[in-house]
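Peer 1: Quick one: this structure, given as structure tokens, is what I'll be asking you about.
The values are calculated or read from the model by the stated rules, or taken from the named source; none is laboratory data. The structure presented is a predicted model; accordingly, all values stated were derived computationally and were not measured. Cβ sites come from the backbone with ideal geometry, for glycine too, and all protein chains shown count toward neighbours.
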Amino acid sequence: MTAQATQAEDYAVVIGLETHVQLETDTKIFCGCSTDQADAEPNSNVCPVCLGLPGALPVLNEAAVEAAVKVGKAIEADIPEQTRFHRKNYYYPDLPKNFQITQYDAPICQDGELEIRIDDERRAIGIERAHLEEDPGSLQHVGGSIDAADYTLVNYNRAGTPLLEIVTDPDFRSPDQVRAFLSKLEEVLEYLGVFDSQRDGSLRVDANISLVPESIVEADGTISPEALEEADPNRTEVKNISSHKAAEKALSYEVTRQRNALQRGRAVEQETRHWDESRGITVSMRSKEEEKDYRYFREADLPPLQVSHWKDEIPIPELPDARRERFREEYGLSSEAASKLTSTKQVADFFEAVAEEFDPDTAATWVADELLGELNYRDMEITDVDDRLDEFRRLIELVAGDEITAKNARETVLRTMLDEGEEPDAVVEAEGLGKTDADAVATAVEEAIDENPDAVEDYYDGENGAINFLVGQVMQKTGGSADPGDVNRMLREALDD
Ligand SMILES: [Zn+2]
């Protein structure tokens, strides 16, 4: 580390995030309209409240507050005695009442943190606050991008969807840490059952990014707030990031852009930039509003909300890291298997239900390797089959009870179960996969030897391929239901006799 930051390598990256996540509730945050926009006609899930018509009054949705409290507990945040709402005033066509109801000086969560892990390095990312607000409507520019569009369509179905805005401290030192954080955040939110990552636009990120002299970074990678204030770097805010991958790409682009500017002796403009996904670059937008431009004032239509006791009354499930650790200890799983089996809460629940009946290794192999592999191949999720737990257990039971071979279970029964929706016993019956009894196999072995004298002679001459040929003959006679290892052994015994 050098005292003078004169070269490109001497700059460290400082990134902070504002992440907007849509909370998964049935109805909107201040009215009874459905939040389900998947198949809704434009402007069909609307009412006077979410359209911002004069005189309409908001009523707070308890489920949205509960979801926020759960997140607060999961990130170990302080949840105050009382929380309240403010109006953030600005004009934009997606916001018909000209203000957004949000939280300002008394957010529902403060001072939390979330630990990320990259390879073996752990890092705690501070979370300054998380507050509730309403999503605006959505705009669709027709005939070109925002400036070149012929006209713009407005859809208010999204208006009023509950959002939690999670604001981190400027604790990220690289774009890949941001990506790890967003993955971790999504995982935790999904475990809590308050978020659906598959929903379009359910996670949107704005990132503040600047470069500072490397010399102010402490040995553990942190920067003290005082040092950062003193360095006072110009920062850009990058908007319109909608996925983990986009976050990493947009921020990597921005690091390079700022580094090049500094290297050439130019200042970095303090500005808002827009991530253009299709071109893979950030472009300058309007200058950033100052906080005072929003003229925040108290939302008089919503009384302050006492939330301190909610924290104790609302339980949260075991979180992914804790569950991973327990899977390793309780079931003796490898780190890799434990990670796979806790990738979602539903996968973990499914595994534990299977492990109740079988030993953990068997359960882990069938769930992590076979089932998840086949689901993945079909673009299916565990939630597509979690009501078929009993059938899946029956499949394993058939193998464990030596009624079908593992190979047939994997390659025929499981696949047919998934493709055709059949029950395992029905597949076994229809395909004739029940293991042939020992007598029938013995008969087939005798027949194969009698019918193939050339192969038998080759076997005695020491030709390696001969035994495989004979095994193939027996398998054909038994319709593939014999165990190839057994057949091989029986053939050798008969021939060597
Ligand atoms: Zn409504």
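Peer 1: With the requirement that a residue be more than 16 Å from the ligand (Cβ to nearest atom) and surrounded by 20 or more Cβ atoms within 10 Å (Cβ to Cβ), what does the range 130-166 give you?
Peer 2: Of everything in the range 130-166, those that are more than 16 Å from the ligand (Cβ to nearest atom) and surrounded by 20 or more Cβ atoms within 10 Å (Cβ to Cβ) turn out to be ALA130, HIS131, LEU132, LEU164, ILE166.
Peer 1: Follow-up. Which ones in the range 224-241 are part of a helix (DSSP H, G or I) and surrounded by fewer than 11 Cβ atoms within 10 Å (Cβ to Cβ)?
Peer 2: Within the range 224-241, PRO225, GLU226, GLU229, GLU230 qualify.
Peer 1: So GLY126 ticks every box in (1) surrounded by fewer than 18 Cβ atoms within 10 Å (Cβ to Cβ); (2) over 30 Å from GLN306 (Cα atoms) but one. Which box is left unticked?
Peer 2: Of everything listed in (1) surrounded by fewer than 18 Cβ atoms within 10 Å (Cβ to Cβ); (2) over 30 Å from GLN306 (Cα atoms), GLY126 misses just condition (2).
Peer 1: All but one of (1) of a type in the set (Gly, Ala, Ser); (2) surrounded by fewer than 15 Cβ atoms within 10 Å (Cβ to Cβ); (3) under 19 Å from HIS20 (Cβ atoms) hold for ALA267, so report the exception by its number.
Peer 2: Condition (3) is where ALA267 drops out.
Peer 1: Which of the residues that make up the range 381-422 are within 25 Å of THR344 (Cβ to Cβ) and among the basic types (Lys, Arg)?
Peer 2: Within the range 381-422, ARG388, ARG393, ARG394, ARG410, ARG415 qualify.
Peer 1: Being of a type in the set (Phe, Trp, Tyr), under 28 Å from the mean Cα position of the chain (by Cα) and crowded, with 18+ Cβ neighbours inside 10 Å is true for just one of PHE85, PHE30. Which residue is that?
Peer 2: PHE30
Peer 1: Now a separate question. Against the condition more than 30 Å from VAL354 (Cβ to Cβ) and either assigned to a loop (DSSP other than H, G, I, E, B) or modelled with pLDDT of 90 or more (or both), how does ALA466 come out, does it pass?
Peer 2: yes
Peer 1: Another question about this same structure. Does at least one position in the range 68-82 carry a residue that is among the polar types (S, T, N, Q) and away from the ligand (no atom under 16 Å from the Cβ)?
Peer 2: Yes - at least one qualifying residue is present in the range 68-82.
Peer 1: Being touching a residue at least 24 places away in the same chain (Cβ under 8 Å) and within 22 Å of TYR377 (Cα to Cα) narrows it down to one residue among GLU411, GLU423, GLU403, GLU447; which is it?
Peer 2: Answer to the selection: GLU423.
Peer 1: List the pairs whose first member sits in the range 38-64 and is touching a residue at least 24 places away in the same chain (Cβ under 8 Å), whose second member is near the ligand (Cβ under 10 Å from one of its atoms) and among the small types (Gly, Ala, Ser), and whose Cβ atoms are under 6 Å apart, counting only residues at least 6 apart or on separate chains?
Peer 2: If the second residue must be near the ligand (Cβ under 10 Å from one of its atoms) and among the small types (Gly, Ala, Ser), the pairs left are ASN45/SER34; VAL49/ALA56; CYS50/ALA159; CYS50/GLY160.
Peer 1: Of all the residues that make up the range 13-55, how many are in contact with a Phe, Trp or Tyr (Cβ under 9 Å, 6 or more places away or on another chain) and within 9 Å of the ligand (Cβ to nearest atom)?
Peer 2: Total meeting the criteria: 5.
Peer 1: Ok, one more. Output the residues belonging to the range 448-485 that are of a type in the set (D, E, K, R), under 24 Å from ASN408 (Cα atoms) and touching a helix residue (DSSP H, G or I) at 6+ places or on another chain (Cβ under 7 Å).
Peer 2: The one that is of a type in the set (D, E, K, R), under 24 Å from ASN408 (Cα atoms) and touching a helix residue (DSSP H, G or I) at 6+ places or on another chain (Cβ under 7 Å): LYS477.
Peer 1: Among (1) modelled with pLDDT of 95 or more; (2) within 30 Å of ALA77 (Cα to Cα), there is one condition GLN346 misses while meeting the rest; what is its number?
Peer 2: (1)
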